[in-house]
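What follows is calculated from the coordinates using simple rules that are stated; it is not laboratory data. Worth saying up front: this structure is predicted, and the values here are computed from it rather than measured. In this analysis, Cβ positions are derived from the backbone assuming ideal geometry, glycine residues included, and neighbour counts consider all displayed protein chains.
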Amino acid sequence: MFLSVLFLLMLNEGCYSKSEKPCSLKEYLIKQIERDLVELKSLHVHTHDEYNGHQADTYIRWGRTKCPQGATLVYDGYAAGNHYSISGSGSNYLCLPKNPDWKEYTSGENYGTGKIYGVEYEVFSHKPYPKSFHNQDTPCAVCLTPRSTVLMIPGKITCHEGWHKEFSGYLMSNMSKVRGSEYICVDEKLETVPGGKASRDHSLVFPVEAVCGTLQCPPYVDGREITCIVCSK
């Protein structure tokens with residue numbers, strides 16, 4: 001299109017006759033420019049905001065009901081997982097929504113099924129969290145970040161250069177020597193589920209501490225609680 005415009009300007013003076021009637025070449029170029037303009041208008045210019053739905057990623061903010069600034073709340077709910085002392089079923093933690101939908105089901109406890117329970121904080125001392133959170137039920141929030149990659153980094157409280165901090169906290173999991181579970185990054189400023197201090201001891205999360213040996217000490221310290229951070233880019 002730009003070459004057509006340039007060529008048209010070059011011919012501007014010589015393309016008209018004394019009668020000021022446009023020559024055929026100029027008419028052709030004008031029509032070509034008009035077609036180019038129509039084509040240009042039809043092109044879709046993609047903006048950053050439009051691509052948010054394609055570039056975005058989600059993560060779970062354990063221990064909180066809201067998302068950090070810059071992230072969008074998809075839903076908040078209840079942290080849930082397998083019983084802390086029973087093998088089988090799932091080993092990961094889930095964020096269950098507060099408004100479940102049901103399809104086909106059989107009411108009552110049934111044989112041959114998996115089980116999922118609400119999660120409680122287990123904090124026996126005042127570190128790394130206040131002991132007042134002991135036996136409290138754990139909330140969670142599913143967050144949408146406009147960045148395309150989310151990474152949880154254990155043992156860090158700052159993100160690497162070029163990465164954006166979503167939240168930081170402490171690593172938690174099921175208790176050692178009972179049943180394996182995943183490690184999750186729980187926010188450093190805990191919230192609780194209202195009315196959730198029944199101490200049912202179903203699914204539990206405990207702070208995770210370092211054990212020296214095959215884990216190099218230093219830099220790690222035996223018995224020290226492990227921090228964590230969730231970063232996006």
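Amide H contacts for Arg147 (H built 1.01 Å from N in the peptide plane; partners 5 or more residues away or on another chain; cut-off under 5 Å): Asp57. Once both labels are positioned 7 Å from their Cα atoms along Cα-to-Cβ, the gap between Thr72 and Asn92 label points is 2.3 nm. Per residue, the convex hull spanned by the Cα atoms of the stretch 78-206 measures out at 149 cubic angstrom.
For the residue pairs Lys66/Lys131; Lys66/Lys156; Lys103/Lys233; Lys131/Lys165, the alpha carbons lie more than 30 Å apart in Lys103/Lys233.
Using 1/(1 + (r/R0)^6) with R0 = 41 angstrom and r between the beta carbons of Met175 and Arg35, what's the FRET efficiency to the nearest 0.05?
Approximately 0.05, to the nearest 0.05.
Across the stretch 211-218, coupling constants 3J(HN,Hα) worked out from phi with the 6.51/-1.76/1.60 Karplus curve, θ = phi - 60°, read 10, 6, x, 6, 7, 5, 10, x Hz, and Gly and Pro carry x.
Along the stretch 224-232 the Karplus relation, 6.51 cos²θ - 1.76 cosθ + 1.60 evaluated at θ = phi - 60°, assigns HN-Hα couplings of 8, 5, 8, 7, 6, 8, 10, 10, 9 Hz to successive residues, with x for each Gly and Pro.
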